[in-house]
Amino acid sequence: MIFTPPAFLPTLPSPLPLQETIGDFCLAVNLANTARPGSEDKRPPFVEASTDRAWTADEIGVRVGQVAAALASSWKLVPGQQWHKIVAIVASNSVDTLILSWAVHRLGGGCLMLQPTSSADEIAGHLANVPPCAIFMSQDLLPLGQDAIRRSSLSSEVPIYSLSVPNHTPQGAAVEPDQKIASIPTLDDLIASAQDLPAIDKITLSANEAARRVAYFCTTSGTSGFQRIVAITHENMIASILQAASFYKATRERGAEVTLGFLPFNHIYGLLITHVLMYYGDSVIVHRGFNLMEILTSIVKYRINTLYLVPPIINALSRNASILSRFDLSSVRAIVSGGGPLNKEAFARMQAARPDWQLLSGWGRLLKA
């Protein structure tokens, strides 16, 4: 089946702007849009909901350069060296997850994005199929990641690092110190060890390089079945971003919005949408995962406009209309459903619960990318 865009949408630029890696491409456009004379909407691209920390595009760009320099120093990379290694990431949502991946791209590498909902055996299989030169795990997923490594055929020489996850320990919970986990260097440790080094600037991709260079390896099971790995190039991502952004520009009544960002950054749905929103100038409220009360509180606090969800979450919302009524959700204008089919019963329940919300359907993001 061949899909064609609506006639009202502009054509994509030809050739595509493929001189930058995906993160730097989105950052550059975001910075250019907010720097325009008369630009009143200067929303931060990301806000960490757990700490209320807002990240500006400038801050993100600086940290990408610092992380790239720290990785290059730790791995003894020579400036200008052609480096095509893979770094595995098993992490809950945080802005540093994205920053790390963009830093790896600046060095010439790609990222294997592993889902925390996968089993240790599944992750071990992915590590065997796409062997990484290093592994980063968020601190809340270290037990899962370490179990997967033990089950894999990876060399014990592959370095392991951790990513901090702000406020991930439930309040009042007693946590026993784990010496093995405490001894794993963190991303912040790497940055501190290279703080006197100059940041690594963005790179320029040569002709056709964006079409060949893999930005992300993502896992998918399709509609059902065993997980498989799909390679997504910088060109794939940039083309998808431009398509989505052109649709937003033509159909949105307003400009930049505040959006919900709980979808996993290691799944193509959350990963692609996050890049699109940063490119377009939206502000993404980042949640580590889904917690109904935290999400509803966040909608009220940040006046979130669009919710990017999956059918099980929409089903849960539609069955808890009484809980929704306790919160001022008047800022929400639309729900976008993706990651799987939404049945007509759940669709009807959601419309009945919130008739003022527009319910939109996405499709096949991994295949599309």
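Tabulated data
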quantity	calculated
Selection status of residue 6, at pLDDT below 95, on the phi < 0 side of the Ramachandran plot and in contact with a Leu (Cβ under 9 Å, 6 or more places away or on another chain)	no
Residue within segment 301-312 that is of a type in the set (A, V, I, L, M, F, W, C), more than 17 Å from the chain's Cα centre (by Cα) and not assigned by TED's automatic domain parsing to the domain that holds residue 96 present	yes
Filter result for residue 295 (among the hydrophobic types (A, V, I, L, M, F, W, C), part of a loop (DSSP other than H, G, I, E, B) and not assigned by TED's automatic domain parsing to the domain that holds residue 215)	no
Any chance residue 70 is modelled with pLDDT of 95 or more, more than 19 Å from the chain's Cα centre (by Cα), within 22 Å of residue 203 (Cα to Cα) and outside the structural domain of residue 288 (by TED's automatic domain parsing)	yes
Qualifying position, being buried (at least 19 other Cβ atoms within 10 Å of the Cβ) and over 18 Å from the mean Cα position of the chain (by Cα), among 205, 277, 263, 271	205
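The values are calculated or read from the model by the stated rules, or taken from the named source; none is laboratory data. Model, not experiment: these values are computed from the prediction. Methodologically, a virtual Cβ is constructed for each residue, glycine included, from the backbone with ideal geometry; neighbour enumeration extends over all protein chains shown.
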